[in-house]
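See below for the structure under consideration.
Please treat every number below as a calculation from the coordinates, not as lab data. As the structure is a computational prediction, the values presented were derived from the model and not from experiment. Cβ sites come from the backbone with ideal geometry, for glycine too, and all protein chains shown count toward neighbours.
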Amino acid sequence: MKIKNTSILNEVAKCRASSLKDSTEKAPEEKGYYMMLLDREVVYVGKSESGIRARLSSHYNGDKDVDTFSAQQIHENRDDLFVIWRIAQSDKVCVDMEKEWILRYDPLWNERIG
């Protein structure tokens, strides 16, 4: 499967990346935003204002309190997902970049904006 938007390659060059499982140990504890890829296609974009590692761990382990399409898809595909993340300096940057990446990459598992 081809990457829909080749600018994803530029993001990979600027970001840290690993499998979702490895990200539960390698991702930083700082706030930031991230995207998940399945078969080289962006399928989910998210943010964490309280720590990327904790958020990715909750995705990997399954959000027990969240019953959404995206949470189900992430958990079901967790061993095949690749994660790209960036640290953010503020909550506002997290929110703004999550929205920008959702609009740019149109991930399958995110709710539609607009």
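Rounded, prolate or oblate: which fits the stretch 7-105 when a ≥ b ≥ c are the square roots of the eigenvalues of the alpha-carbon gyration tensor, with rounded for a/c under 1.5 and prolate only if a/b beats b/c? Intermediate values should be presented prior to the final figure.
On the way: a/c = 1.35, a/b = 1.17, b/c = 1.15.
Rounded, since a/c falls under 1.5.
Given contacts defined as C-alpha pairs under 8 Å and at least six residues apart, what's the relative contact order of the stretch 7-105, whole-number percent? Don't skip to the end; give the middle numbers.
On the way: 160 pairs, mean separation 38.2, N = 99.
Across the stretch 7-105, relative contact order equals 39 percent.
Along Cα→Cβ, 7 Å out, is where each label goes; now give me the distance between the ones at residue 41 and residue 95 in nm to one decimal.
Label-label distance for residue 41 and residue 95, simple model: 3.1 nm.
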